[in-house]
Amino acid sequence: MHRVGSAGNTSGSNRPRKEKRLTYVLNASDDTKHSAGVNCLAVLKSNDMCNSEYLFTGSRDGILKRWAIEEEAATCSATFESHVDWVNDAVLVGDHTLVSCSSDTSLKTWNCMSNGVCTKTLRHHSDYVTCLAAAGKNSNIVASGGLGGEVFVWDIEAALAPVSKSNDSTEEEASNGINGGGSNLPITSLRTINSSNSLHSTPSHGYVPTPAKGHKESVYALAMNDSGTILVSGGTEKVVRVWDPRSGSKTTKLRGHTDNVRALLLDSTGRYCLSGSSDSMIRLWDLGQQRCVHSYAVHTDSVWALASTTSFSHVYSGGRDQSLYLTDLSTRESILLCTEDYPILQLALDDESIWVASTDSSVHRWPAEGHNPQKMFQRGGSFLAGNLSFSRARASLEGSTPIPVYREPTLKVPGIPAIVQHEILNNRRRVLTKDTAGSVKLWEITRGTVIEDYGEVSFEEKKKELFEMVSIPAWFTVDTRLGSLSIHLDTPQCFSAEMYSADLDIAGKPEDDKVNLARETLKGLLAHWLAKRKQRLGSQSSANGEVQSVKDISTRSMTHSRIEVDGSSENDSMIYPPFEFSAVYPPSIITEGSQGGAWRKKVTGMDGTEDEKDLPWWVMDCVLNNRLPPRENTKCSFYLHPYEGSTIQILTQGKLSAPRILRILKVINYVVEKMVLDKSMEGGATGDGTFATGLAGGPLQHSTTVGDGSLRSGLRPWQRPKPAIEILCNNQVLTAEMSLATVRTYVWKKPEDLVLHYRVMQGR
């Protein structure tokens, strides 16, 4: 998706600033479910009278959820929405604090028992943040690692402490007032680490974490012991590094894996470490002796997830081979507990059960016998783990593949199938999608809804069936990185597409009124925000000059903006049916204002206080002031000549210019109006080189400028009827509904100016 780190201009750069993008993420079904793979799990057991149990999940859809767990059901009780990219990991620390990390380069803290309130955003990483590790349930120490090769150790309590309102910290703390629950998200200041490398809070500059310096490549896994005195990390360097998290100094480096280290565990004392790697091996390390004491060849592919019993006597492991194994670390005995339909990404042991997350959007709970795992081996079907990675692969090829103990999970937390394929249709308002369940759907992105569910049909065949020979400029882009359709709008490109109101079936609007698709989509998308804003400003909005501030911003940012008025001011604020977004399944907005970082929120969660600090200035200018930036290529130049052998002529010479969306019907009308017959034109030319393209006797509907010729009239009227005219391009007769842009794209197919010919319709 759009990399948020490059959204703004760097400090001191003289390069032109790239304008902020606005993205909206569509949701046409139950938003209590994840719509992409689940990357992380965390289990919380409450000490209340009910002994409540909660499962926290973080997904590639950019959202975290809290599930209330019962014996046979899981109910979504809260959604945590603020990250703008994949949620990669999450841990519970301290008193009901949930810490998450994301590919948006940030960490976020949440009150895990709230309705989705983000309490702080921590920005210090330069690239995707991939993993977290916590020092026991009652500690505030959390480590984070990412693709930038950075590892930071955070004191969450200190990081959440109020920041002194001085110097730059004041601006940063006030810069991001958008979050899942309506409270401010202060941003930690990015300052040079002082020489002490201790966990501290600098009152004047905000909290700064402790760096663990030494990684040269990406970090994918972290683990910490309960007391927070030992930290281990792994990644693409294929080694396990050991650190003192209190100082950030490295103590040793353990070699043995032949591929990326993807999962790590430490026992409570910090003496033993388990590692899982893309080389398919699990290794047990003695940190005191600084050596590998055992290797376990259990999997046939990459090991991505590990979970151990409290005593560190047994390990549960999963990965790309979609299999969940239980291994006795002492006897090397292994058993296949179950197989999933997708690669396993994360495990969370929960007493006698284990939660399994995968690249699917659902989460499964399987029996695990966590207190007495040895009971599993009494069922039979176990095998001895080999020492070499190829031994399990060889055994699999020889037909000795283990039989899973369990066939079905005891509980399934369902998700929504992720969209994995999409095609923008030529009308530039609809997108065809296919999800992981094979279901093909048709979306109307100007309303954010599914208009047809075709079920499990051929995507390619349906795409061919829906093909239309129309040409509309590409005014948006799409990706499905979050498992849903993310529609990206960038200025000024997004304002390049127009359609006639008649083609959009807008009742009560003149059929030849031009409708800018991006402007109307933004009005529909932000209708709730605009209504809330008007309520807040009340009748004083004009008097206090608050709206004027938006105009000031637009003037500073765009000196040559052009106001386009679409009817009366009342009509300008009207939301037309083709642009009405659902309030039941509202989309989410991802964008960035003039201060702070990118943010995400449901459009129905916006309260009207959001302004130019939160929204791109060009979005505000469009929605509030009905103003669009200058655009290119809205016109189409063409020549109009008589067809070979035609006896009729028209009174015009040279190159003509008209809107790209002008229909051939208008060109026909123009030829009829300007024909040199024994009859004058009904309407005639104007003095400024424009001509009326409406029907005879009708209103002036469009103007087309003559480039190097002039129009002359003066013939007297006669009563003879006009002949029927047809227009051709490349000897192909054009239909009246085709636009100039469509003809140029599908019939003319040349970079030169379009050439059209006219003649009396054959057989008339």
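The values are calculated or read from the model by the stated rules, or taken from the named source; none is laboratory data. Keep in mind the model is a prediction, meaning the values are calculated, not measured. Using ideal geometry, Cβ is built from the backbone for each residue, glycine included, and neighbour counts are taken over all protein chains shown. Ligands, DNA and RNA are excluded from the accessible area calculation, which covers all protein heavy atoms including side chains. Shrake-Rupley method; radii C 1.70, N 1.55, O 1.52, S 1.80 Å.
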Cleavage-rule hits, trypsin sites (Lys or Arg not before Pro), the stretch 110-157, DSSP coil, Cβ neighbours within 10 Å at most 16: LYS137
Estimated inter-spin distance, LYS412 and HIS371, nm [label 7 Å along Cα→Cβ]: 2.9 nm
Within the accessible area of the stretch 328-478 (1.4 Å probe), percent carbon and sulfur: 48 percent
Set of lysines with alpha-carbon distance to LYS434 below 27 Å, sequence-local pairs under 8 removed: LYS33, LYS65, LYS412, LYS462, LYS463, LYS464, LYS601, LYS602
Selection from THR79, VAL142, ALA159 lying farthest towards where the dipole of the stretch 71-166 points positive, charges on Cβ: ALA159
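If we sort 581-587, 236-242, 455-461 on the protection proxy, mean other Cβ atoms within 10 Å, highest first, what's the order?
The most tightly packed comes first, giving 236-242, 581-587, 455-461.
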FRET E, pair ARG255, VAL457, Förster distance 35 Å, beta-carbon r, rounded to 0.05: 0.10
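At a Förster distance of 45 Å, what's the computed FRET efficiency of GLN290 paired with ASP479, Cβ-Cβ distance as r, to 0.05?
Working: r = 45 Å, r/R0 = 1.00.
Computed FRET efficiency for GLN290 and ASP479 comes out at 0.50.
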R0 of 35 Å, Cβ-Cβ distance SER582-GLU217: FRET efficiency to nearest 0.05: 0.20
Extreme residue, positive dipole direction of the stretch 332-466, given options ASN372, LEU345, LEU466 (C-beta unit charges): LEU466
Potential extension, ILE575-VAL450 segment - 0.36 nm per residue separation minus Cα distance: 43.1 nm
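Is the C-alpha gyration tensor of the stretch 10-164 telling us rounded, prolate or oblate? Criteria: a/c under 1.5 is rounded; beyond that, a/b larger than b/c is prolate, otherwise oblate.
Working: a/c = 2.13, a/b = 1.35, b/c = 1.58.
Judged from the Cα gyration tensor, the stretch 10-164 comes out oblate (a/c at least 1.5, b/c at or above a/b).
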Per-residue SASA entry for HIS294, accessible area with 1.4 Å probe, Å² rounded to 10: 70 Å²
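Going highest first, how would you order 219-227, 344-352 by mean Cβ packing within 10 Å? Numbers along the way, then the final one.
Working: 219-227: 23.1, 344-352: 20.3.
Result, highest mean first: 219-227, 344-352.
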GLU72 paired with LYS613, simple spin-label distance in nm, labels 7 Å along Cα-to-beta-carbon: 5.2 nm
Difference of contour (0.36 nm per residue) and Cα-Cα distance, SER247 to ASN387: 46.8 nm
Low-density loop cleavage sites - GluC sites (Glu not before Pro) in the stretch 68-133, where at most 14 other Cβ are within 10 Å (DSSP): GLU70, GLU71, GLU72
Simple spin-label estimate for GLN649 and LYS534 in nanometres, 7 Å along Cα-Cβ: 5.7 nm
Contour excess over end-to-end distance, with Cα ends at GLU423 and LEU442 and 0.36 nm allotted per residue: 5.9 nm
